[in-house]
Amino acid sequence: MAILSEKQGHLFTLHTAHATYQMQVGPLGWLLHNYDGAKIEGQDLSYLVRPQDRAYAPNPADAGGDRTLSPDTLPMEYSTFGLGDFRESCLDVRHADGSVGVDLRYKAHRIIPGKPALAGLPASYGTAGEVDTLEIDLADTAGTVLVTLSYAVFAEDDVIARSAKITNTSKTPVTLTRALSLCLDSQQPAARDVMTFYGRHMGEKQVARTPLRHGKIRVDSVRGASSPQQSPFVILCDAAATETVGECKAFSFVYSGSFLAQAELDQAEQLRLVMGIHPQNFSWQLAPGEAFQTPEVLCCFSECGFDALSNRLHRFQLAHLMRGEWRKKRCPVLVNNWEATYFDFDEAKLLKLAKEAKALGIEMLVLDDGWFGRRNDDTTSLGDWFVNREKLPEGIAGLGAALHGMGMQFGLWFEPEMISPDSDLMRPHPDWALRLPGRPLTTSRAQCVLDMSRPDVQDYLYDAIRAVVEDGQLDYIKWDMNRHIAESWSALLPPERQGELRHRYMLGLYALLERLLARFPHLLLESCASGGGRFDAGMLYYSPQIWGSDNTDAIDRLKIQYGNSFAFPIKSVGSHVSVCPNHQTGRVTPFATRAAVAMSGSFGYEMDLTTLTAEEKAEVRRQVEYFKAHHALFQLGSYHRLTNAQTDDRFTAWMSVAPDKRQAIVTVVQRYPLANGPIQSVRLRGLDPALTYCDAEGHAFTGSALMNAGLLLPPIAGEYGTVLFEFNALFELGAEN
Ligand code: GLA
């Protein structure tokens, strides 16, 4: 059993394949954190929690003068503000009389086979055989709120999904001014380092690793989107942790809006990690009986380094977070017209591109920005989701019919959450844009944000998008979001509820996505936010593909995709081959390298294929064929970072291994050629040490040799050259007998 409740419900132990997580109902009924780390069976670990008198720590009245009992020094399972815990709070409750504070004590618990859904939110899922859920109710001593902590244990995957629900159990309204999802306290933390994933537009998911220090290390976003600047994904690890060694824990927030993640080392070297919706400008009113559900955090554990951690997360998300047929099925190889034409296209140009693409084995044309309203640049028409007949005289229906007629699938770009001040939508609906009353609108990329909390806005978008999907028989939508939310005010909400807007926005967005996917279950969604600006586990629930970055430079992509691989399945990373010199960096990179990098992602093209030479076209045809033949290995195999793409100066290498370990592909990209340099090798991972593998030239190596002694790299000519090594396991003679 993954969940054990012992000692008359005073000790809760959660076991996964490699980890143990334990809590106790401690003195005064506080729920205290005993341990989380490598698996320990048959042990009450309450001895690890030592109440100690730390001078001047607040004690509740019922401590009876026992100065060791303080919420400021004990490892609290869910921290609150107002009654003596001075570390970061998960829950701030303002009562009708203006006072702030709750003191939570154990009340009840339940063990549920399976996992209840989280109303209105993306969340992991599983059947009764795959997951068990422990719910623990904590009640405020003054009877104001009940907090239900939820721990869904996916034992096989080493994942525990945590969330909290806060119910108003009093007779008067209360206001939550913060409601985070996770608190993880430890009196003797094993973790000494924290890894965060920061970046910028065109430089997402860079990796930062820093030692914990006294005080707070915080990453966050108040942009109304998870953002390219910081990701809602952090790792705590041993100071010595590497790809293959050391304990590490990943925390991934299943949410796409503003967030806070913070690691705090206190006066007594105790660690508190918190994660949840950003409390800035957040408040939520609860009438008696009403409840607030926080989004969940996926907590994943590895006792043996980052490689296992990310492979566990990849596997878990493919099976228990992403939905629909596309999470495992090969998505169509696409050509997107953005870098090929930008806004300058018409039907004839698109059909020419599609015809060429079809001849090269590409399966879908994605028509990007500019097909609607009067949109010939990025200054107008967002919200006017009707076709521009000057560019597409036969409409979306005509283009769709022509594409489907030639055997191509059809994808279309939308930016549903936005509205241009210069649009037919804005003129009759100025109050649909988020704004502060009495102030002019701020714009970003000349656009404003729709108030997604409004049911009429959601309905408008549902009807508009549904009509276009039906009209063009769309196979795919690129769902873009190209500005952040500055003004948080909704014309529909009363003043005391304006703090709810940002979360209501997210609930509105999720409801719209849910509604569209229920209506069009086969539609493939690719989420995008100026590239990878909303690449998070929340969006992954709806969209199995997420555009990794507007930066399509293969060499910059090495770093971006390296960062992404810690958190997200390889298959989910939108990745395209584009022209050289690259439009973002001006860099010239061999065609083979651009394809090799894009293949460790969703794979597609973003270039004018009609202008390629005959040799280049032949190369594209070969690349597409190669990808189709090997997609399962690239996208669903285990993934191993063989070098650190952030710091590599000579070359970057990674590999994919089939689930049965009989096939592997190693990709090596040269970063910097060195005259008369050393002989280079790289040690492989994920193979079966006992199997013998053959490369394309017939050389045989044992898995053990490749993993322990390494693969010798040939000299790679020129800057940014690439080599792909394919290894196939030899069948032993007589194996069939
Ligand atoms: C964003 C996206 C791009 C492209 C443009 C269109 O920048 O990330 O891929 O769709 O918008 O305006």
#### Entry: Residue satisfying condition, being touching a helix residue (DSSP H, G or I) at 6+ places or on another chain (Cβ under 9 Å) and on the phi < 0 side of the Ramachandran plot, within set L642, L724, L706
L724
### Task
Scan (1) in contact with a helix residue (DSSP H, G or I) (Cβ under 9 Å, 6 or more places away or on another chain); (2) of a type in the set (S, T, Y); (3) open to solvent by 10 Å² or more (accessible area, probe 1.4 Å) for the single condition S656 breaks and write down its number.
(3)
### Summary
In the set E303, E347, the lone residue that is assigned by TED's automatic domain parsing to the domain that holds A261, out of contact with any Ser or Thr (no Cβ under 9 Å at 6 or more places or on another chain) and open to solvent by 10 Å² or more (accessible area, probe 1.4 Å) is E303
## Note on the structure
Among the residues of the range 562-578, the number that are away from the ligand (no atom under 15 Å from the Cβ) and within 17 Å of Y605 (Cβ to Cβ) is 0
#### Entry: Selection within the range 19-51 - part of a loop (DSSP other than H, G, I, E, B) and touching a residue at least 24 places away in the same chain (Cβ under 8 Å)
G26, W30, K39, E41, D44, V49, R50, P51
### Summary
Scanning the range 379-400 for residues that are touching a Phe, Trp or Tyr at 6+ places or on another chain (Cβ under 9 Å) and either aliphatic (A, V, I, L, M) or open to solvent by 50 Å² or more (accessible area, probe 1.4 Å) (or both), the one nearest to M481 (Cα to Cα) turns out to be L382
### Summary
The condition of being open to solvent by 10 Å² or more (accessible area, probe 1.4 Å), of a type outside the set (A, V, I, L, M, F, W, C), within 24 Å of R497 (Cα to Cα) and not in a loop (DSSP other than H, G, I, E, B) holds, among D471, D456, only for D456
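What do you reckon, is D368 within 15 Å of the ligand (Cβ to nearest atom), surrounded by fewer than 16 Cβ atoms within 10 Å (Cβ to Cβ) and in the same structural domain as R621 (by TED's automatic domain parsing)?
In short, no.
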### Message
Here is a list: S543, S530. Which entry is among the small types (G, A, S) and either within 11 Å of the ligand (Cβ to nearest atom) or over 20 Å from the mean Cα position of the chain (by Cα) (or both)?
### Response
S530
### Message
Condition first: touching a Phe, Trp or Tyr at 6+ places or on another chain (Cβ under 6 Å), closer than 30 Å to H18 by Cα and in a helix (DSSP H, G or I). Can you find one or more residues in the range 297-316 that meet it?
### Response
yes
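Residue-wise test of (1) part of a strand (DSSP E or B); (2) in contact with a Gly (Cβ under 8 Å, 6 or more places away or on another chain); (3) within 16 Å of the ligand (Cβ to nearest atom).
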| position | (1), (2), (3) |
| --- | --- |
| L461 | no, no, no |
| K478 | yes, yes, yes |
| I485 | no, yes, no |
| A518 | no, no, no |
| S549 | no, yes, yes |
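The values are calculated or read from the model by the stated rules, or taken from the named source; none is laboratory data. Just so you know, these numbers come straight off a predicted model, no measurement behind them. For neighbour counting, all protein chains shown are included, and Cβ atoms are generated from backbone atoms with ideal geometry for every residue, glycine included. Just the protein is used for accessible areas: all its heavy atoms, side chains included, with ligands, DNA and RNA removed. Shrake-Rupley method; radii C 1.70, N 1.55, O 1.52, S 1.80 Å.
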